[in-house]
């Protein structure tokens, strides 16, 4: 599909693999490719699996774009990441994250936007490290983390940039299930097959009802973030 993403459609399941050969950063190009893959999966009515490359789910936003100083590109990337979380949380079919490795910053927010998250017991790291690198956490990211993470983990993770190991991730609310690396693919496909038994119309309607307040808050958060980011572009 692109040099950054591949998609495999098999019997009602679309497996979207992110692999930029490096840190799987959420660059504007990666975000565009991922949205295109989601368009294809949604048109097919497929259950979605999002997986990273071996050892890495995603390292977050592209630091190279930040360093470029191109405010228009920076704004587009940040808004694109926020809208991706919104899209995943409202996606009409189940979305499974096959967390193949570390998930940092936007990588963590994408992970937390999926319906079911399976990772490996290999000491991978999970962190919202913004305050450790001189950034204020966006409003949208706060809402995404709040709806998944356990309260204590939410507070220490966001305000103190606490790094969670995969062995801590289920208790922290970051993952739903942890398996060995060798068992990951089988566990993910088993879960995807089990989700086929759901009535998808009921799943979609229930998800919309259950997340109505969250999505309203998230939309407001994205608008607040975009207002702040646009001021930097105009400055």
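The values are calculated or read from the model by the stated rules, or taken from the named source; none is laboratory data. What you see is a predicted model, and the numbers here were worked out from it, not measured in a lab. Here the Cβ positions follow ideal geometry from the backbone for every residue, glycine too, while neighbour counts run over all protein chains shown.
For the range 155-177, a residue qualifies if it is buried (at least 18 other Cβ atoms within 10 Å of the Cβ) and under 20 Å from residue 133 (Cβ atoms), and the qualifying residues are 157, 158, 162, 164, 174.
Taking the range 52-68 as the region of interest, how many residues are part of a helix (DSSP H, G or I) and either crowded, with 17+ Cβ neighbours inside 10 Å or touching a helix residue (DSSP H, G or I) at 6+ places or on another chain (Cβ under 7 Å) (or both)? Spell out the reasoning first.
First, pick out the residues of the range 52-68 that are part of a helix (DSSP H, G or I): 63-68.
Pick out the ones that are also either crowded, with 17+ Cβ neighbours inside 10 Å or touching a helix residue (DSSP H, G or I) at 6+ places or on another chain (Cβ under 7 Å) (or both) and you get 65-66.
Number of matching residues: 2.
Annotation note: of 84, 89, 108, the sole residue that is farther than 18 Å from residue 185 by Cβ and surrounded by 24 or more Cβ atoms within 10 Å (Cβ to Cβ) is 108. Taking the criterion of being more than 14 Å from residue 96 (Cα to Cα), touching a residue at least 40 places away in the same chain (Cβ under 8 Å), in a helix (DSSP H, G or I) and in contact with a strand residue (DSSP E or B) (Cβ under 8 Å, 6 or more places away or on another chain), the only residue of the range 1-48 that qualifies is 34. Checking each residue in the range 69-79 for being surrounded by fewer than 21 Cβ atoms within 10 Å (Cβ to Cβ) and assigned to a helix (DSSP H, G or I) picks out 71, 72, 73, 74, 75, 76, 79. Scanning the range 160-188 for residues that are part of a loop (DSSP other than H, G, I, E, B) and over 13 Å from residue 104 (Cβ atoms) yields 160, 173, 175, 176, 180.
When 122, 85 are checked against the criterion of being more than 13 Å from the chain's Cα centre (by Cα), under 26 Å from residue 194 (Cα atoms) and either part of a loop (DSSP other than H, G, I, E, B) or touching a residue at least 60 places away in the same chain (Cβ under 8 Å) (or both), a single residue qualifies: 122.
Collect the residues in the range 174-206 that are within 26 Å of residue 79 (Cβ to Cβ) and under 17 Å from the mean Cα position of the chain (by Cα), keeping them in residue-number order.
Residues of the range 174-206 that are within 26 Å of residue 79 (Cβ to Cβ), as a first pass: 174, 204.
The answer is 174, and nothing else.
Apart from one condition, residue 68 fits all of (1) touching a strand residue (DSSP E or B) at 6+ places or on another chain (Cβ under 8 Å); (2) free of Cβ contacts under 8 Å to residues at least 40 places away in the same chain; (3) closer than 22 Å to residue 226 by Cβ; the exception is (1).
Taking each residue of the range 197-211 that is free of Cβ contacts under 8 Å to residues at least 60 places away in the same chain and looking for partners that are in a helix (DSSP H, G or I) and surrounded by fewer than 12 Cβ atoms within 10 Å (Cβ to Cβ) with beta-carbon atoms closer than 7 Å, six or more apart or interchain, yields nothing.
Could you say whether any residue in the range 126-135 is at pLDDT below 95, closer than 26 Å to residue 47 by Cβ and in contact with a strand residue (DSSP E or B) (Cβ under 9 Å, 6 or more places away or on another chain)? No, because not a single residue in the range 126-135 is at pLDDT below 95, closer than 26 Å to residue 47 by Cβ and in contact with a strand residue (DSSP E or B) (Cβ under 9 Å, 6 or more places away or on another chain).
Of the residues making up the range 107-119, those that are touching a strand residue (DSSP E or B) at 6+ places or on another chain (Cβ under 6 Å) and assigned to a loop (DSSP other than H, G, I, E, B) are 114, 115.
Residue 229 fulfils the conditions (1) closer than 19 Å to residue 84 by Cβ; (2) surrounded by 17 or more Cβ atoms within 10 Å (Cβ to Cβ); (3) under 18 Å from the mean Cα position of the chain (by Cα) except for a single criterion, (3). In summary, residue 134 fulfils each of the numbered conditions (1) touching a residue at least 12 places away in the same chain (Cβ under 8 Å); (2) out of contact with any helix residue (DSSP H, G or I) (no Cβ under 6 Å at 6 or more places or on another chain) with the single exception of condition (1).
Scan the range 132-154 for residues that are surrounded by 14 or more Cβ atoms within 10 Å (Cβ to Cβ) and in a helix (DSSP H, G or I) and the total you get is 10.
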